[in-house]
Amino acid sequence: MSQIESVLHETRSFPPSEAFRAAARISSAEEYERLYRESLDDPEAFWGRIARELPWIEPFEEVLDWSGAPVARWFTGGKTNASLVCVDRHLDGPRADKTAILWEGEPGDVRTLTYAELGAEVRRFANALKARGVKKGDRVAIYMPMVPELAIAVLACARIGAPHSVIFGGFSAQSIKDRVEDGGCTAVITADGGWRRGKPLPLKATVDEALVHAKDVHTVFCVRRCENDVDWVEGRDVWWHDAVAAADDDCPPEPMDSEDTLFLLYTSGSTGKPKGIQHTTAGYLVGAYLTSRYVFDLRDDDVYWCTADIGWVTGHSYIVYGPLANGATVVMYEGAPNEPHPGRFWELVQKHKVTVLYTAPTAIRAFMKWGDEHPAKFDLSTLRLLGTVGEPINPEAWMWYRRTIGGERCPIVDTWWQTETGAIMITPLPGVTATKPGSATRPFFGVDAAVVDEEGNELGPNEGGLLVLRKPWPSMLRGIWGDPERYRETYWSRFPGLYFAGDGARKDEDGCFWIMGRVDDVLNVSGHRLSTMEVESALVSHEAVVEAAVVARPDELTGEAICAFVTVGAGGEPSDALRDALKEHVAVEIGKLARPAEVRFAEALPKTRSGKIMRRLLRDIAAGRETVQDTTTLEDYSVLARLRGDEE
């Protein structure tokens, strides 16, 4: 019972082309191995050298103080500022006039900000914050659409040393209230609304509802975006444009200690109180900077688009801090991927000549469902590198992404990491790694990852177990806000001295990691522990299926039985014959043990606005239970209602 059985068989491999390898920042396996060994054997030398590539107000004295898990201190004695790293360092050279943010709204309006313009906007809003009494150490909540002011607000908070707490713009008033209260926030930044699927999504109204009893919030800044009507609290509420117009653009960056808090980011979880993940300044910046540079192989002429929302950690690390620290041109998009048509993403790639695209497996599977004809309408030849993030990607979706979007010429970096890790942990390096569909491949520099059993013993090749990290890394979380004991218990108590990620994994004979999903989602069938991701991959490999989610339901005979929720593609037709064929297909692909007891067809699966499938809701449906858990993050409530009416 200590191992998770791996039943996925995938042998395809794709080395980088010689042309890509020749131009890549890291272009040989020997160079990767040399740097990787140094990063583990002499982390002080390796990370000290990388950190010195960034600007410091005062130099650090010690690279790492690791007196014992879980307390780590990186670059002690040093002082810097995130806005100095992401903006000011680019203002004295040719990058000052380079586009930093290339933004498009859902209705099609476009704005660009050069690094010089971004710097001026950040300094003005930093002064606007100060004018309203926000000071170093104060926490500021941000609840906004994907507009340039969101990135400006994040960097302005960092500039004055006020930790930001970005709350995803789809969360409920109760979720905002919980996060504002837990973080002790004294100011909130929002907008009248944001465009979503052709309509303004009211945001300030939700903030107003959340703050009814929030006595500590003295200021609410509001961006005018959609021109929708808003209520106004005199003395508390301030229009962004008025505040910025009254501010000058001279605001030196606040010297921040390397271990000063940069931001809080709450993980919602399926139950219980949200956890305020705490990231500090220098280590986080170093991790975001280096991973952006090497994983995405960034160069000065790239147009880089991460399709995430800044409300998630992916947006923090790979829209704002990492790419801007590298002086990249970053695309931001406000709206939905199928508004006003299913080819919207590909239209944006063509229009803005995107070269690097980083998106989620759930989005890729949606694109597959909508049909190949949509990307086929647009010129995607500027793309040179693709990435995936958010959850394990099944091999067939990986192959579709490579073939249909990448034209079989673009390497795919399939990245594994978490809100807690701050930066990418396991990933291909695109000029070096022979990629494998469905595998995140090898650890990044400084990452000592292993797969262990329930006693903490390292497992051999292709034995499924628990994914742990054995050494500290610069961008690691420093705690859960206000609850150090919960931090220790959640991440460090399962295996003393080891960080337990909560994910299952296996490592193959080449040393490549295959992430098998959350341990909480493991199926226990007749005494065998199976990965939901592997069963889902087998289902999606059938030509009729574009997306599947697998959960366990109670079964008197086997303990748990496999229940599969399946969405068929264009031209597919749910039927009893297809249901039987899918059960048999899984049995043939990965074994009779994994054969679903039940297959339910669904027009769509319940997802959050970030695109993650809410499997906990599917578990309730499969078991016939009433859902009592939080559903406020659902993108479309009607999906849940339709599933509850779907009986075999």
Legend entry - Answer from E33, E38, E5 - the residue that is closer than 25 Å to A450 by Cβ, modelled with pLDDT under 95 and of a type in the set (D, E): E5
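Inspect all residues belonging to the range 95-116 and state whether any of them is in a loop (DSSP other than H, G, I, E, B) and free of Cβ contacts under 8 Å to residues at least 24 places away in the same chain. I'd like the intermediate steps shown before the answer.
Narrowing the range 95-116 to residues in a loop (DSSP other than H, G, I, E, B): 98, 105-109.
This time we only want the ones that are free of Cβ contacts under 8 Å to residues at least 24 places away in the same chain, so: 108-109.
Checking the range 95-116: at least one residue is in a loop (DSSP other than H, G, I, E, B) and free of Cβ contacts under 8 Å to residues at least 24 places away in the same chain.
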Legend entry - The lone exception for G161 - which of (1) in contact with a Pro (Cβ under 6 Å, 6 or more places away or on another chain); (2) closer than 30 Å to P55 by Cα it fails: (1)
Inset, instruction - Just one of (1) surrounded by 20 or more Cβ atoms within 10 Å (Cβ to Cβ); (2) farther than 30 Å from S175 by Cα; (3) among the charged types (D, E, K, R) trips up E121, so point out which. - result: (2)
Legend entry - Residue count, the range 545-597 (criterion: under 18 Å from R644 (Cα atoms), under 27 Å from the mean Cα position of the chain (by Cα) and in contact (Cβ under 8 Å) with a residue 40 or more places away in the chain): 6
Legend entry - Only one of F263, F367 that is touching a residue at least 12 places away in the same chain (Cβ under 8 Å), crowded, with 21+ Cβ neighbours inside 10 Å and closer than 23 Å to W400 by Cα: F367
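Could you list, in sequence order, the residues of the range 271-309 that are β-branched (V, I, T) and within 25 Å of T435 (Cα to Cα)? Before you say what the answer is, go through the steps one by one.
Filtering the range 271-309 down to residues β-branched (V, I, T) leaves 271, 277, 280-281, 286, 291, 295, 303, 307.
Within the range 271-309, T291, V295, V303, T307 qualify.
Hey, among P70, P148, P55, which residue is in contact with a helix residue (DSSP H, G or I) (Cβ under 9 Å, 6 or more places away or on another chain), modelled with pLDDT under 95 and not hydrophobic (A, V, I, L, M, F, W, C)?
Numbers: P148 fails: modelled with pLDDT under 95; P55 fails: modelled with pLDDT under 95.
Among P70, P148, P55, only P70 is in contact with a helix residue (DSSP H, G or I) (Cβ under 9 Å, 6 or more places away or on another chain), modelled with pLDDT under 95 and not hydrophobic (A, V, I, L, M, F, W, C).
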Inset, instruction - Take the range 209-257 and flag every residue that is out of contact with any Ser or Thr (no Cβ under 7 Å at 6 or more places or on another chain), in a loop (DSSP other than H, G, I, E, B) and in contact (Cβ under 8 Å) with a residue 40 or more places away in the chain. - result: R225, A246, A247, D248, D249, D250, C251, E254, P255
Inset, instruction - Any chance you could count how many residues in the range 47-83 are free of Cβ contacts under 8 Å to residues at least 12 places away in the same chain, among the charged types (D, E, K, R) and in a strand (DSSP E or B)? - result: 1
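The values are calculated or read from the model by the stated rules, or taken from the named source; none is laboratory data. In this text the structure is predicted, and so the values were computed from the model without any measurement. Positions of Cβ are generated from backbone atoms using ideal geometry, with glycine treated the same way; all protein chains shown enter the neighbour counts.
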